[in-house]
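Visitor: Quick one: the structure is below, questions incoming.
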Amino acid sequence: MVAVGGVAGLYMQLLSTGGRTWILRTKVGDKTRDIGLGGYPDVTLAMARDRAREAKDKIRQGIDPAEERKAARAALAAAQRRGLTFGDAIGKYSEAKLAGVGEQGRWVSSLDRYARPHIGDMLMQDIAVQDVLRVLNQPLEEGGTLWTNKTDTATRVRSRIEAILSWATVAGHRTGDNPARWGGNLKELLPAPSKIAKGSNHPALALADAPAWFAALRQRDGMGARALEFLTLCASRSGEIRGATWDELYGLDGDNPMWVIPASRMKAGNDHRVPLPPQAVALLKALPRFADSPLVFPSSKRDAQLSDMTLSATMRRMHEAEVEAGRKGWLDPRSGKPAVPHGLRSTFRDWAAETGADHIAAELALAHSVGSDVERAYRRSDMVERRREMMTNWAQFLIIA
């Protein structure tokens, strides 16, 4: 204990661990107390002196600072027990409003990924406009923000936060305006989605570059590279690939291998059959299978999916390697930006158009809704066998061309 002066009884305590903390040694009633004022360097000498003077003032008023602090902590803990955090509200809302609905999984996963890290621990009553903005303006690893670079996703996240906050208000967990409301609220603080959507298309790999890029990808090691390879062969979305489980795969040793993605994991909320070309089957058979994970492409934790950033980082490193070698890199021919995983679906669509593949089959391969409700009602087939031939030709283009 080293006296530092400025306030009687103020010491710096030197800990055996190497840390340093401020202590006020003073009398509270008939007892001498050591009152902690915080650690150095977070609490400076000037701050420690101010806190010591404030504590002494309270003692002269008959208040025990240590007991006051305990009471404040207890009150906060009690308030938190009585209150509902946003993270807990996600589950409660999902159970109350979305049970049995196909989109339940997408609702929860998008909020878990984008909202929970920022406001998950906040009490519903405490969430304000600035907190919603932190979610929507969060920076992305590949650059930009969620609102500017993933506008469609950000719009859905905002809408879902608004719905949960509205439910919480009616349920008595909060009062006041909804801070996630768009009109007359966030609309005044963020650019309209329609104004940025035009520039937010995912950069796609040039069709002419696809075979060379795919060859470079196959030279890379790691689960992220294999997931990206499978994504390209199937023209699928990142989330569909990362969430794939072995029990969704059928007939890998037969003539009609198939990957059936359940409706709960699909954007359109319908089961989606993906006919697997031989190259995709060979990739799957070469993968390790882990007894402690049902996932086809697990993360290093085994029980967790790969992150979307893993696939994005693989493409980014491939681009950087090209640039370091003195080449232009893997760029979108329209925007000049480095291609990203979701843009590979556009590359596939360009290939289908260039080769005269059936338009409806290509759209079905991308799991897009084609035609009006009436047309879809009469078209009962998902053209799976025609798509099998098309996906095999796509794979051959990537690997042989």
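The values are calculated or read from the model by the stated rules, or taken from the named source; none is laboratory data. Keep in mind the model is a prediction, meaning the values are calculated, not measured. Don't worry about glycine lacking a Cβ; one is built from the backbone with ideal geometry, like all the others, and counts go over all protein chains shown.
Visitor: Given the structure, is Lys58 in contact with a helix residue (DSSP H, G or I) (Cβ under 8 Å, 6 or more places away or on another chain), part of a helix (DSSP H, G or I), without any contact (Cβ under 8 Å) to a residue 60 or more places away in the chain and not hydrophobic (A, V, I, L, M, F, W, C)?
Guide: Answer is yes for this residue.
Visitor: Can you list the helices (runs of 4 or more DSSP H) lying wholly within the range 197-247 that have 3 or more residues being of a type in the set (A, V, I, L, M) and touching a residue at least 60 places away in the same chain (Cβ under 8 Å)?
Guide: Counting at least 3 such residues, we get 210-218, 223-234.
Visitor: Quick one: count up the residues across the range 29-47 that are in a helix (DSSP H, G or I) and either within 17 Å of Lys58 (Cα to Cα) or not assigned by TED's automatic domain parsing to the domain that holds Pro65 (or both).
Guide: Total meeting the criteria: 1.
Visitor: I've got another one for you. Return the residues of the range 353-365 that are surrounded by 17 or more Cβ atoms within 10 Å (Cβ to Cβ) and closer than 24 Å to Gly269 by Cβ; say none if nothing qualifies.
Guide: Ile360, Ala361, Ala362, Leu364, Ala365, listed by residue number.
Visitor: Do any helices (runs of 4 or more DSSP H) entirely within the range 293-377 hold 2 or more residues that are more than 20 Å from Ala210 (Cα to Cα), and if so, which?
Guide: 308-324, 359-365
Visitor: I would also like to ask the following. Could you figure out which of (1) within 31 Å of the chain's Cα centre (by Cα); (2) modelled with pLDDT under 95 isn't true of Trp394?
Guide: Of the numbered conditions (1) within 31 Å of the chain's Cα centre (by Cα); (2) modelled with pLDDT under 95, the odd one out for Trp394 is (2).
Residue by residue, here is whether (1) at pLDDT below 90; (2) surrounded by fewer than 17 Cβ atoms within 10 Å (Cβ to Cβ); (3) assigned to a helix (DSSP H, G or I) holds:
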site: Gly87; (1), (2), (3): no, yes, yes
site: Ile90; (1), (2), (3): no, no, yes
site: Gly102; (1), (2), (3): yes, yes, no
site: Leu111; (1), (2), (3): no, no, yes
site: Val135; (1), (2), (3): no, no, yes
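Visitor: Any residue in the range 277-299 that is closer than 19 Å to Pro203 by Cβ and surrounded by 13 or more Cβ atoms within 10 Å (Cβ to Cβ)?
Guide: Checked against the condition, which is being closer than 19 Å to Pro203 by Cβ and surrounded by 13 or more Cβ atoms within 10 Å (Cβ to Cβ), the range 277-299 yields no hits at all.
Visitor: A further question on this structure: Scanning for something closer than 23 Å to Glu240 by Cα, touching a Pro at 6+ places or on another chain (Cβ under 8 Å) and surrounded by fewer than 15 Cβ atoms within 10 Å (Cβ to Cβ), does the range 312-335 turn up at least one residue?
Guide: no
Visitor: Starting from the range 109-134, take each residue that is in contact (Cβ under 8 Å) with a residue 40 or more places away in the chain and list its partners that are assigned to a loop (DSSP other than H, G, I, E, B) and loosely packed, with under 14 Cβ neighbours inside 10 Å, counting only C-beta distances under 9 angstrom and pairs at least six apart or across chains.
Guide: Listed by first residue and then by second, the contacts come to Gln125/Thr175; Gln125/Gly176; Val129/Asp177; Val129/Leu189; Leu133/Leu189.
Visitor: Further question on the same structure: Give the range 7-17 a look and list any residue that's surrounded by 12 or more Cβ atoms within 10 Å (Cβ to Cβ) and either over 10 Å from Ala48 (Cα atoms) or among the β-branched types (Val, Ile, Thr) (or both), or say none.
Guide: Val7, Gly9, Gln13, Leu14
Visitor: Considering only the range 175-188, I want to know if a residue exists there that is under 23 Å from the mean Cα position of the chain (by Cα) and assigned to a helix (DSSP H, G or I).
Guide: yes
Visitor: I'd like the full set of residues that are under 26 Å from Thr310 (Cα atoms) and either among the aliphatic types (A, V, I, L, M) or at pLDDT below 90 (or both), limited to the range 114-131.
Guide: Answer for the range 114-131, where residues must be under 26 Å from Thr310 (Cα atoms) and either among the aliphatic types (A, V, I, L, M) or at pLDDT below 90 (or both): Ala115, Ile119.
Visitor: What residue, of Ile35, Ile23, Ile59, Ile90, is closer than 30 Å to Leu111 by Cβ and aliphatic (A, V, I, L, M)?
Guide: Among Ile35, Ile23, Ile59, Ile90, only Ile90 is closer than 30 Å to Leu111 by Cβ and aliphatic (A, V, I, L, M).
Visitor: Also: Examine the range 185-198 for a residue that is crowded, with 17+ Cβ neighbours inside 10 Å and either touching a Pro at 6+ places or on another chain (Cβ under 9 Å) or of a type in the set (Ser, Thr, Tyr) (or both), and state whether such a residue exists.
Guide: Within the range 185-198, one or more residues are crowded, with 17+ Cβ neighbours inside 10 Å and either touching a Pro at 6+ places or on another chain (Cβ under 9 Å) or of a type in the set (Ser, Thr, Tyr) (or both).
Visitor: So which of Thr232, Thr151, Thr155 ends up being among the polar types (S, T, N, Q) and modelled with pLDDT of 95 or more?
Guide: Among Thr232, Thr151, Thr155, only Thr232 is among the polar types (S, T, N, Q) and modelled with pLDDT of 95 or more.
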